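These notes are about the structure you will find just below.
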């Protein structure tokens with residue numbers, strides 16, 4: 001279970017202080033599919049980065065299974081990103097010098113274990129996201145939708161408890177978007193992974209069991 | 001272990017699938033740096049070795065024994081030479097007498113030491129007989145014959161360093177007059193002219209011991225002003241010195257290094273030049289790798305942010321850049337060593353650099369070569385570590401989204 005209480009994040013742009021996130025509190029139960037919606041600049045991605053341990057909040061607390069992760073050292077946070085979380089970026093964010101297969105098994109290699117195991121698991125995951133025939137292709141040889149599915153497979157390599165996806169369909173056409181979202185839902189159903197995804201497309205509400213709406217960094221009360 | 005495994009994997013993929021032009025350019029730069037790192041020191045080492053060889057082969061031998069007391073005379077020199085030659089580790093020994101003199105030819109004159117030698121024994125210690133450019137070497141029993149260094153004779157060779165102060169036009173067969181410091185004046189026929197290509201050796205003149213005896217009192221027969229010893233390869237010099245001094249108390253000794261005299265400071269200067277050149281080359285190597293790594297890191301800032309975001313540790317990322325730098329350095333060193341050994345050295349051997357002490361060949365000192373390679377790898381590691389470490393200190397969010 002993930003619990004967030006009074007989470008705030010303030011950025012300083014020169015002499016101006018920007019409050020990107022203000023007093024956000026929420027709870028994600030295991031197996032939930034939650035969508036965070038809001039207009040551009042509403043703080044959706046900022047919230048996801050705090051949950052994905054990519055950024056540190058200015059104040060507030062995030063608990064993973066009761067453990068406060070906001071004050072952990074960089075090394076421990078890196079370890080948690082590797083073992084507990086999967087993170088999907090809006091812009092695919094694959095490593096260009098690696099093939100799809102290598103992109104997926106790299107975090108597995110970092111976690112350790114037998115090379116045969118993580119290579120096999122990476123191939124299986126690519127099969128699950130429908131790229132079993134394209135595992136040796138490099139990102140530039142794949143379409144946007146295919147790249148995003150590689151990113152999903154990568155996020156799953158270490159069997160994460162929670163998957164955070166930052167507008168996973170933002171750069172995709174409607175067919176690819178449909179494919180990616182269907183893939184995420186299938187993973188939630190088959191593997192029981194908690195999914196929190198960000199979207200600004202009202203149509204994406206249909207994929208979520210729960211909706212969080214942000215406006216100017218604050219939660220909109222009617223969705224609480 | 002996983003850190004190293006991931007680092008090696010990322011480094012390998014980056015090297016194999018990265019920009020080949022960057023790889024070739026970097027390795028080429030390191031080849032130049034390493035060649036530069038070893039070329040001048042090898043040349044200077046060659047020069048130093050040449051000076052050492054010339055000193056041993058034309059002036060001193062390995063050890064020089066002289067009388068330690070007020071009198072410069074070593075009595076019973078012939079017997080002592082035989083005794084020294086019987087010692088373990090001694091290849092040959094000879095006795096020499098030296099006498100100050102002024103050599104005259106037509107209107108020219110040249111002040112020099114004249115050495116009286118036993119031509120047979122002397123040529124077992126020294127290599128002067130192999131450097132004749134005119135005439136013949138001395139033979140036992142020769143009288144009225146003299147062997148002149150080319151820098152004394154001149155021999156119409158205006159390219160000689162000391163030609164202007166030499167006798168200029170003396171050749172084998174010319175007759176010269178010598179005024180010894182003991183007041184004796186003798187006329188000699190120049191039997192041969194030698195050219196060791198070592199100025200200190202080529203300003204000497206040699207006559208036979210028989211000739212010497214004919215102009216000194218009988219009590220000086222069989223004496224010497226110096227004994228020169230040539231050692232076998234690997235012989236223990238200090239043991240030989242110990243045994244000779246035990247055999248004949250009252251002697252003092254000089255090693256060939258002591259005999260270098262003024263050349264010692266020259267070789268020391270060479271060593272200092274080598275250090276300066278090596279330091280400069282290493283700084284260039286360091287800056288090269290720093291720039292390559294820095295430019296790569298600037299271009300891959302976002303990629304590094306992503307790697308960290310998906311759980312790759314900072315240590316793995318830094319280590320991957322260090323491994324790449326080591327590979328660059330290793331390729332550069334290997335290629336440079338091969339180019340140096342199989343291209344530069346043979347070409348230089350065909351067209352050697354000419355120094356006042358002869359043609360100098362490149363001398364590769366393997367331990368020094370290895371230490372240069374190790375230092376270059378060390379410089380590469382530091383040069384890659386600094387920018388990589390600075391980059392991973394950037395916040396992930398800044399690395400990914402500010403680029």
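The values are calculated or read from the model by the stated rules, or taken from the named source; none is laboratory data. Because the structure is predicted, anything quoted here is derived from the model rather than measured. Note: ideal-geometry Cβ built from the backbone for every residue, glycine included; neighbour counts use all protein chains shown.
Of the numbered conditions (1) surrounded by 18 or more Cβ atoms within 10 Å (Cβ to Cβ); (2) within 14 Å of another protein chain (Cβ to nearest Cβ); (3) at pLDDT 85 or above, residue B:399 fails exactly one; give the number of that condition.
Going through (1) surrounded by 18 or more Cβ atoms within 10 Å (Cβ to Cβ); (2) within 14 Å of another protein chain (Cβ to nearest Cβ); (3) at pLDDT 85 or above one by one, residue B:399 breaks only (3).
Residues to consider are B:288, B:267, B:293, B:313; find the one that is within 14 Å of chain A (Cβ to nearest Cβ) and in contact (Cβ under 8 Å) with a residue 60 or more places away in the chain. Break it down into steps so the answer makes sense when it comes.
Working: B:288 fails: within 14 Å of chain A (Cβ to nearest Cβ); B:267 fails: within 14 Å of chain A (Cβ to nearest Cβ); B:293 fails: within 14 Å of chain A (Cβ to nearest Cβ).
Exactly one residue qualifies, and that residue is B:313.
Any idea which residue in region B:78-107 is surrounded by the fewest Cβ atoms within 10 Å (Cβ to Cβ), counting only those that are more than 33 Å from the chain's Cα centre (by Cα) and farther than 30 Å from residue B:168 by Cα?
The selected residue is B:79.
Looking only at residues that are part of a strand (DSSP E or B) and at negative phi in region A:26-56, which one is surrounded by the fewest Cβ atoms within 10 Å (Cβ to Cβ)? Even if it seems obvious, please write down each step before you answer.
First, the residues of region A:26-56 that are part of a strand (DSSP E or B): A:26-28, A:33-38.
Now restrict to residues that are at negative phi: A:26-28, A:33-37.
Numbers: A:26: 19, A:27: 12, A:28: 21, A:33: 19, A:34: 20, A:35: 22, A:36: 30, A:37: 22.
Step by step, filter region A:26-56, then rank; the result is A:27.
Tell me which residues, restricted to region B:218-232, are at pLDDT 90 or above and either out of contact with any helix residue (DSSP H, G or I) (no Cβ under 7 Å at 6 or more places or on another chain) or farther than 16 Å from residue B:67 by Cα (or both).
B:225, B:226, B:230, B:231, B:232
Does residue B:306 satisfy the criteria of being surrounded by 19 or more Cβ atoms within 10 Å (Cβ to Cβ), within 14 Å of chain A (Cβ to nearest Cβ) and in a helix (DSSP H, G or I)? Show your work before the answer.
Details: surrounded by 19 or more Cβ atoms within 10 Å (Cβ to Cβ): yes; within 14 Å of chain A (Cβ to nearest Cβ): yes; in a helix (DSSP H, G or I): yes.
Criteria met by residue B:306.
From B:20, B:6, B:27, B:16, grab the single residue that is within 14 Å of another protein chain (Cβ to nearest Cβ), crowded, with 16+ Cβ neighbours inside 10 Å and more than 30 Å from residue B:199 (Cβ to Cβ).
On the way: B:20 fails: crowded, with 16+ Cβ neighbours inside 10 Å; B:27 fails: within 14 Å of another protein chain (Cβ to nearest Cβ); B:16 fails: crowded, with 16+ Cβ neighbours inside 10 Å.
Sole residue among the options that is within 14 Å of another protein chain (Cβ to nearest Cβ), crowded, with 16+ Cβ neighbours inside 10 Å and more than 30 Å from residue B:199 (Cβ to Cβ): B:6.
Which numbered condition trips up residue A:63, out of (1) within 14 Å of chain B (Cβ to nearest Cβ); (2) under 24 Å from residue A:44 (Cβ atoms); (3) modelled with pLDDT of 90 or more?
(1)
Residues of region B:317-355 being in a loop (DSSP other than H, G, I, E, B) and loosely packed, with under 14 Cβ neighbours inside 10 Å, which ones? Full working, then the answer.
Here is the first cut: in region B:317-355, the residues in a loop (DSSP other than H, G, I, E, B) are B:351-352.
Selection gives B:351 alone.
Residue by residue, here is whether (1) without any contact (Cβ under 8 Å) to a residue 60 or more places away in the chain; (2) within 14 Å of the chain's Cα centre (by Cα); (3) assigned to a strand (DSSP E or B); (4) closer than 20 Å to residue A:142 by Cβ holds:
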{"site": "A:159", "(1), (2), (3), (4)": "yes, yes, no, no"}
{"site": "A:163", "(1), (2), (3), (4)": "no, yes, yes, no"}
{"site": "A:172", "(1), (2), (3), (4)": "yes, no, no, yes"}
{"site": "A:198", "(1), (2), (3), (4)": "no, yes, yes, no"}
{"site": "A:213", "(1), (2), (3), (4)": "no, no, yes, no"}
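Those residues that are more than 38 Å from the chain's Cα centre (by Cα) and surrounded by fewer than 18 Cβ atoms within 10 Å (Cβ to Cβ), I need them from region B:178-217; list them, please. Full working, then the answer.
Pass one, region B:178-217, residues more than 38 Å from the chain's Cα centre (by Cα): B:182-187, B:213-217.
B:182, B:183, B:184, B:185, B:187, B:213, B:214, B:215, B:216, B:217 - these are the residues of region B:178-217 that are more than 38 Å from the chain's Cα centre (by Cα) and surrounded by fewer than 18 Cβ atoms within 10 Å (Cβ to Cβ).
Being closer than 20 Å to residue A:147 by Cα, more than 15 Å from the chain's Cα centre (by Cα) and either surrounded by 17 or more Cβ atoms within 10 Å (Cβ to Cβ) or modelled with pLDDT of 90 or more (or both) is the filter here; which residues of region A:72-98 pass it?
Within region A:72-98, A:95, A:97, A:98 meet the criteria.
From the list B:151, B:200, which residue is at pLDDT below 90 and under 18 Å from residue B:358 (Cα atoms)?
On the way: B:151 fails: at pLDDT below 90.
B:200 is the lone residue from the list that is at pLDDT below 90 and under 18 Å from residue B:358 (Cα atoms).
All but one of (1) in contact with a helix residue (DSSP H, G or I) (Cβ under 8 Å, 6 or more places away or on another chain); (2) more than 19 Å from residue B:96 (Cβ to Cβ) hold for residue B:159; state the number of the condition that does not hold.
Against the list (1) in contact with a helix residue (DSSP H, G or I) (Cβ under 8 Å, 6 or more places away or on another chain); (2) more than 19 Å from residue B:96 (Cβ to Cβ), residue B:159 comes up short only on (1).
It is to be established whether one or more residues within region B:43-58 are closer than 14 Å to residue B:327 by Cα, crowded, with 22+ Cβ neighbours inside 10 Å and more than 14 Å from chain A (Cβ to nearest Cβ). Don't jump to the end; show me each part of the working.
Going residue by residue through region B:43-58, those that are closer than 14 Å to residue B:327 by Cα are none.
No, there is no match, as no residue in region B:43-58 is closer than 14 Å to residue B:327 by Cα, crowded, with 22+ Cβ neighbours inside 10 Å and more than 14 Å from chain A (Cβ to nearest Cβ).
Give the residue, chosen from A:69, A:4, A:22, that is more than 19 Å from the chain's Cα centre (by Cα), surrounded by 18 or more Cβ atoms within 10 Å (Cβ to Cβ) and farther than 26 Å from residue A:139 by Cβ.
On the way: A:69 fails: more than 19 Å from the chain's Cα centre (by Cα); A:4 fails: more than 19 Å from the chain's Cα centre (by Cα).
Of the residues listed, the single one that is more than 19 Å from the chain's Cα centre (by Cα), surrounded by 18 or more Cβ atoms within 10 Å (Cβ to Cβ) and farther than 26 Å from residue A:139 by Cβ is A:22.
Can you pull out every residue in region B:111-146 that is under 18 Å from residue B:182 (Cα atoms) and free of Cβ contacts under 8 Å to residues at least 60 places away in the same chain?
Once the filter is applied, which keeps residues that are under 18 Å from residue B:182 (Cα atoms) and free of Cβ contacts under 8 Å to residues at least 60 places away in the same chain, region B:111-146 yields only B:111.
Which helices (runs of 4 or more DSSP H) sit wholly inside region A:74-142 and have at least 2 residues that are facing another protein chain (nearest Cβ under 10 Å) and out of contact with any helix residue (DSSP H, G or I) (no Cβ under 9 Å at 6 or more places or on another chain)?
Values: elements: A:74-83, A:100-111, A:115-128.
Filter on region A:74-142 gives A:74-83.
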